[in-house]
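Here's the structure, in structure tokens; my notes come after.
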Ligand SMILES: *Cc1c(COP(=O)(O)O)cnc(C)c1O
């Protein structure tokens, strides 16, 4: 594979951008080799600056659930741009997208738009703290909630990929207010609540974790958290930046039938534009300024072009609910393909899968939390990544990320993915 142009761009980028990239995992550090610079994408395919073509199994880390450059979204973006890309004043689409989100996610009664998932989670914990008049939050090891200071403690995604789940620059004062429990460990949560009586404002988690690879909540885990929050006046926050509108129209909370108090959203909600949102119970959301005392603002929040893209994508998902069964069927085919290759080659790696998210873990133990995820052979993951890339399959460049299937992936792509995995596995 010829990647001269990408190499040239990366060399130049390193002079002007820290590490040559605007988000760390993109640098391919965990898998070796140089990152590819992408020129365009359409449907299921990415094209790099050297005109190599790849089947995309990341979907821009989730947002492109309909495939790239979907006509419905493209048209709405172009329509919005012509009326000026920004007003900094209220506009019609903000009302329409809020109404649509509230109709798709029953636990969300009011919603505030922001510009990223990071902003959504930062704002949600400030709100939970303001509402409960308590300082501490409880998060789970290996869950990633963006790069806000309070969350960069045992964080997943790029933080663990770079080997820095705890970042320098986060003050001790901030860190002491973040309590940690292993994912799926209800007993530990109980202990922490008992040890910190009336001090915990919120429990925040990815209801299905996607940032330590795909990790699924065990029987009774989410129900147990709901109950503990109710008994102790704690705000339950589901960070559905990744799972929202992906696992179902109403996200993981619909699949598991648990209503959190607050929900954070991002990725799919922007149709590929920079958008996030947080919402939930009216009585809590009415604490947000200017209705209430908790301050949160944004010059470009509710931006008309971003709203047009998000609205088009959410509207499409809402009016085509059959898409979720299709996504799941495609994902099952891919995962079945992987399983049969693993069996044929006597490899007993672990696969986790739910809806259109899955991960192959290079370990032979069940992956249910951060500790089991970290048992993976990341060297082997690197070989797998590079082998798939050579075969034209673009994976997330880290063991600790989930893969996402888009509606643009069909039979032809499913077969190519299986045969590419076969060539890798046969060489093991
Ligand atoms: C991606 C992600 C975030 C951060 O969103 P950004 O838009 O990258 O700031 C937060 N939480 C979860 C669960 C995510 O997957």
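Values in this text are rule-based calculations from the coordinates and carry no lab data. What you are looking at is a predicted structure, and each value in this text was computed from that prediction instead of being measured. Cβ: placed from backbone, ideal geometry, glycine included. Neighbour counts: every protein chain shown.
Relative contact order of the chain: 23 percent, from C-alpha pairs under 8 Å at least 6 residues apart in sequence. Once both labels are positioned 7 Å from their Cα atoms along Cα-to-Cβ, the gap between residue 232 and residue 289 label points is 3.1 nm.
For segment 336-400 versus segment 32-70, the inter-centroid distance based on Cα atoms is 20 Å. Its relative contact order, with pairs defined as Cα atoms under 8 Å and 6+ residues apart, puts segment 1-150 at 13 percent. Applying the Kirkwood pairwise sum to the alpha-carbon positions of segment 71-319 produces a hydrodynamic radius of 18.2 angstrom.
For segment 71-319, the antiparallel share of DSSP beta bridges with both residues in that region comes to about 35%. When only alpha carbons are used to place a centre, segment 214-232 and segment 271-310 end up 27 Å from one another. Taking the fewest neighbouring Cβ atoms within 10 Å as the starting point, the ordered list for 118, 174, 263 is 174, 118, 263.
Relative contact order of segment 71-319, taken over Cα pairs closer than 8 Å and 6 or more residues apart, is 30 percent. Here the spin labels are modelled as points 7 Å beyond Cα on the Cα-Cβ line, and at residue 379 and residue 8 they lie 3.6 nm apart.
Beta bridges per DSSP, both residues in the chain: antiparallel share near 55 percent. A straight line joining the Cα centroids of segment 87-127 and segment 171-193 runs 28 Å. Peptides 288-295, 6-13 ranked from most to least packed by the mean count of surrounding Cβ atoms within 10 Å: 6-13, 288-295.
Size descriptors for the chain (Cα atoms only): Rg and Dmax, in that order, 21.0, 61 Å.
Spin-label pair residue 365-residue 171: with each label point 7 Å from Cα along the Cα-Cβ axis, the two points sit 3.8 nm from one another.
In the chain, helices alone account for a calculated mean residue ellipticity at 222 nm of -12000 deg cm²/dmol, with every DSSP H run of four or more residues adding -39,500 (n - 2.57).
Counting other Cβ atoms within 10 Å as a rough exposure proxy, the listed residues 68, 15 run 15, 68 from fewest neighbours to most. Peptide packing: for 238-247, 326-335, the average count of neighbouring Cβ atoms within 10 Å per residue gives the ranking 238-247, 326-335, highest mean first.
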